[in-house]
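The values are calculated or read from the model by the stated rules, or taken from the named source; none is laboratory data. Since the model is a prediction, treat every value here as computed from it, not as a measurement. Backbone-built Cβ (ideal geometry, glycine too); neighbour counts: all protein chains shown. Areas reflect the complete protein model, heavy atoms only, side chains present, ligands, DNA and RNA absent. Shrake-Rupley method; radii C 1.70, N 1.55, O 1.52, S 1.80 Å.
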Amino acid sequence: MNDRFVQDHEAVISVFDHGFLYGDGVFETMRSYGPRLFMRDRHLSRLFQSADAIGLRVPIPLARWADILQESLVRNEVGTDQQDAYVRITLSRGVGDIGLDPALCPSPTVVVMTKPLVPPASHLYDQGIAVMVASTTRNLPSALPPRIKTTNFLNNILAKQEAIAGNAFDSLLLNWEGHLTEGTISNLFFIRNRRLSTPALDCGLLDGITRQVVIQLAQELHLPIEEGHFTVDQLYQADECFLTNTSMEIMPVISIDSKPVGNGAPGPVTRKLHARFIESRDRFSEPSPSR
C-alpha cells in the first residue's frame, strides 16, 4: 500500500479518498501461472494508459513494478508451482477535501493485493455456461471511454445483478445502437458460418488482454476473424460462443437467453482455441525478475 507492504487489517483507506467518494481511479487485474505473470507488461501498460487518460499520475515508475509484483507474490506465498496467483492493482486519485477537482488530492493511493487464484470450476469448461442479454445498456463511449479501466463499475454491476436474478453465469451488454459489446467482466466471441466473430472496439468495450491473445492464436490457427457490429439475432444464430478474461481464460457458452447455442455443448473451435491457449501460456507470461 503506497510505499510499504502491510497486513490486510492494516490496509486502511481514508473516507476522504476520492476513489471511495467518487470512484475516481483505475485498476488492473492479472494472474500468474506458477511464478510467471500472464501478460504482465501489457497489463502494466494499460494501467498507465488508463491513468494517463484521466490525468492521474502513477507515483511508482514503470521500471519498479516487476519487482513490486514479484515481492507481493513471495510475501503472500502464492505464484508457486503449487499455487497460481490473483493480483489486483488499484490506483485512486487519493485523499483530498470533498469536491470533484482532482487538484484537491495531492498524492494518489496505490494498492497491490495478491491472493491465491480460485479459477472457475472445471466442470464449467466441459459443460459450458448460460448467459443472458441484459436490459442495462453499456455506457456511451463518449461519456466514459471503455479503454479506461475505471474503478467505477456500476454499469457492469447492474448487468451482473440481472444475471444473478436470471440464474445466468453472466450478462451481455448492448450498446446505444443495440449492438453487442461484452460481458460484465469478459469479452465475447462467437463462431458463425465458420468465422470467429467478436464485437469491434468502437462498439464500446474494453480491449481485453486475453481478447488480444485469442485473436492472435486464431490468426496462428488460420481461423477467419471478423471484428464488427453484431446484433443479438446474429448471436442467436451462432454455432459456438465463448467468453474470455484473464482468470477464466476461454469459457464456452452453451445457452443465450435460454436458447441453445449450436447443439447445446462446447464446440470444437472453442475447445481447439482453449487447448492452444493452454499450450501458449508460457509464451505469454513474463518470467519473474531475478532477485
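General remarks:
- Where strands (runs of 3 or more DSSP E) sit wholly within segment 223-291, those with at least 1 residues that are modelled with pLDDT of 95 or more and closer than 30 Å to Glu71 by Cβ occupy 240-245, 249-256.
- Elements of type strands (runs of 3 or more DSSP E) in segment 1-119, at least 2 residues being surrounded by fewer than 18 Cβ atoms within 10 Å (Cβ to Cβ): 25-33, 109-116
- Residue in segment 149-169 that is more than 29 Å from Ala51 (Cβ to Cβ) and in contact (Cβ under 8 Å) with a residue 40 or more places away in the chain present: yes
- Cβ-Cβ distances below 9 Å connect the following pairs, each with a first residue in segment 119-135 that is on the phi > 0 side of the Ramachandran plot and modelled with pLDDT of 95 or more, a second residue that is among the aliphatic types (A, V, I, L, M) and surrounded by fewer than 19 Cβ atoms within 10 Å (Cβ to Cβ), and a separation of six or more residues or different chains: Gly128/Ala265.
- Screening the candidates Ile164, Ile148, Ile185, Ile157 for the property of being over 17 Å from Thr244 (Cα atoms), of a type in the set (Val, Ile, Thr), open to solvent by 40 Å² or more (accessible area, probe 1.4 Å) and within 16 Å of the chain's Cα centre (by Cα) yields one hit, Ile157.
- Screening the candidates Ala218, Ala275 for the property of being open to solvent by less than 20 Å² (accessible area, probe 1.4 Å) and aliphatic (A, V, I, L, M) yields one hit, Ala218.
- Residues in segment 146-177 that are of a type in the set (Lys, Arg) and outside any helix (DSSP H, G or I): Arg147, Lys149.
- Residue in segment 83-105 that is out of contact with any strand residue (DSSP E or B) (no Cβ under 8 Å at 6 or more places or on another chain) and at pLDDT below 95 present: no
- Selection within segment 221-259: residues that are among the charged types (D, E, K, R) and more than 17 Å from the chain's Cα centre (by Cα). The member of this set that is surrounded by the most Cβ atoms within 10 Å (Cβ to Cβ) is Glu240.
- If the condition is being assigned to a helix (DSSP H, G or I), closer than 28 Å to Pro116 by Cα and in contact with a Ser or Thr (Cβ under 9 Å, 6 or more places away or on another chain), then segment 199-214 contributes Ile209, Thr210, Arg211, Val213, Val214.
- Search result, residues across segment 267-287 that are under 22 Å from the mean Cα position of the chain (by Cα) and among the small types (Gly, Ala, Ser): Ala275, Ser280, Ser285
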